[in-house]
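In what follows, a single structure is set out as structure tokens and then discussed.
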Amino acid sequence: MAIEINNILVIGANGQIGSVLTPALENTFGKKCIIASDIYYKDKFVNNFEILDATDYHALEKIVKKYRISQIYHLAAILSAKAERSPREAWEVNVNSFFNVLEVSRKHNIKKVFYPSSIAVFGSHADLDQTCQFSSLNPSTIYGASKVAGENLAQYYYSKYNIDVRSLRYPGIIGYQSLPGGGTTDYAVDIYHKAISGEVFDCFLEKDSSLPMIFMDDAIKATLQLMNAESESVKIRTSYNLSSMTFSPEEVFLSIKKYYPEFKINYKPDFRQEIANSWPRSIDDSRAREDWGWSPDFDLQSMTEVMINNLRKKRYESA
Ligand code: NAD
Ligand code: SER
């Protein structure tokens, strides 16, 4: 009788999402089954960690064979703001590495793949408010263009090769556990750190620049829920719209000010303002709710409370 191996490879495990999703997967499936990987070493993952440049197909294939991988969570990417500075690298990492993941899945019978897309897939042909699932996709950034390409690759490999690829269009993700890596929504994490350390916050977006956001716990919940859903209920094979809350820099600032009345903010918009202007303000995620039962737990104020409590705790513990 063949022994079924259910090892899961996380690519980009050191990043903002990976450093929270990887322990969540370890809790769900057991530490032995999870293989964390990234382009650089971080001693956070002591169990199974491999250095992997996911743009190198042969290096990826070697790890897949070594651990007899049956699922991949492919998180490696260059985020929106950083990508604008190096479009070639962004395309290489964001598209070619995902292509490698799909090819290795086809050749080595990998059962399931998770691919994170983004609200950045939308552009001027989509409504900015309550942007619907099947709006036109004409992004104005190289990051958005790479995510549209990834979504189409996901659908192609699903329909042509029956690879069970599942994907979410994440809003900006906010968590206390890890720092973001070069996106346009990064300010919404940084602002909490500045408040806790008693500094003035220089915001690179305008005070009323509203964007869709989600608390890390909800983002992880949605990811695991989608990946554990019955295959028949996953009806969208490009990527699901996902929504939780919408706020502007001024609104998150005011929610923090309830805890830090002396906290101060300066608005100094830079090139990231143009990126933010091209993205939706809010998202219609009714298909995720209908198809696999998505609903978020956190709103702005409940997220702010958890963010501040945990960042205070971390600061106290590291003092
Ligand atoms: P991040 O930048 O924090 O992490 C990405 C990780 O990928 C990093 O640890 C980096 O070292 C690694 N990486 C880069 N190039 C690599 C390569 N060639 N091979 C292997 N690893 C490589 O990003 P994140 O915020 O954790 O995002 C994870 C995924 O979610 C990305 O695909 C991103 O586009 C998507 N996403 C994130 C957000 C967000 O707000 N954080 C929103 C929408 C979508
Ligand atoms: N939060 C991400 C970024 O700002 C969007 O995918 O790049």
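Tabulated data for the structure shown
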read-out: Single match in Val200, Val252 (criterion: in contact with a helix residue (DSSP H, G or I) (Cβ under 8 Å, 6 or more places away or on another chain) and crowded, with 24+ Cβ neighbours inside 10 Å); value: Val252
read-out: Residue match in region 76-91 (condition: outside any strand (DSSP E or B) and more than 16 Å from ligand 2 (Cβ to nearest atom)); value: yes
read-out: Residues that are charged (D, E, K, R) and either near ligand 1 (Cβ under 9 Å from one of its atoms) or surrounded by fewer than 19 Cβ atoms within 10 Å (Cβ to Cβ) (or both), drawn from region 83-111; value: Arg85, Arg88, Glu89, Glu92, Glu103, Arg106, Lys107, Lys111
read-out: Selection within region 118-136 - within 15 Å of ligand 1 (Cβ to nearest atom) and either surrounded by fewer than 24 Cβ atoms within 10 Å (Cβ to Cβ) or in a helix (DSSP H, G or I) (or both); value: Ile119, Ala120, Val121, Thr131
read-out: Residues (part of a helix (DSSP H, G or I) and either surrounded by fewer than 17 Cβ atoms within 10 Å (Cβ to Cβ) or more than 20 Å from the chain's Cα centre (by Cα) (or both)) located in region 278-305; value: Ser286, Arg289, Glu290, Asp291, Gln301, Ser302, Glu305
read-out: Complete set of residues in region 89-136 that are at pLDDT 95 or above, in contact with a Ser or Thr (Cβ under 8 Å, 6 or more places away or on another chain), charged (D, E, K, R) and farther than 18 Å from Asp285 by Cα; value: Glu92, Lys112
read-out: Subset tally (residues that are at pLDDT 95 or above and crowded, with 22+ Cβ neighbours inside 10 Å) for region 41-62; value: 3
read-out: Yes/no for Ile214 being crowded, with 16+ Cβ neighbours inside 10 Å and part of a helix (DSSP H, G or I); value: no
read-out: Matching residues in region 144-184 - criterion: being in contact (Cβ under 8 Å) with a residue 60 or more places away in the chain, out of contact with any Phe, Trp or Tyr (no Cβ under 9 Å at 6 or more places or on another chain) and either farther than 27 Å from Phe247 by Cβ or among the polar types (S, T, N, Q) (or both); value: Asn152, Gln155, Tyr158, Ser159, Gln177, Ser178
read-out: Subset of region 137-181 [at pLDDT below 95 and surrounded by 19 or more Cβ atoms within 10 Å (Cβ to Cβ)]; value: Pro180
read-out: Checking Ser80 against (1) touching a residue at least 60 places away in the same chain (Cβ under 8 Å); (2) more than 9 Å from ligand 1 (Cβ to nearest atom), the condition it does not meet; value: (2)
read-out: Of residues in region 180-219 being away from ligand 2 (no atom under 11 Å from the Cβ) and of a type in the set (A, V, I, L, M), the one nearest to Leu79 (Cα to Cα); value: Met216
read-out: Number of positions in region 3-38 that are aliphatic (A, V, I, L, M), outside any helix (DSSP H, G or I) and under 29 Å from Gly182 (Cβ atoms); value: 9
read-out: Test: residue in region 237-251 that is of a type in the set (Gly, Ala, Ser), part of a helix (DSSP H, G or I) and closer than 23 Å to Ser295 by Cβ; value: no
read-out: Flag for Gln177 being more than 16 Å from ligand 1 (Cβ to nearest atom) and over 20 Å from Ala81 (Cα atoms); value: no
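The values are calculated or read from the model by the stated rules, or taken from the named source; none is laboratory data. Since this is a predicted model, take the numbers as computed values, not measurements. Neighbour counts run over all protein chains shown; Cβ positions are idealised from the backbone, glycine included.
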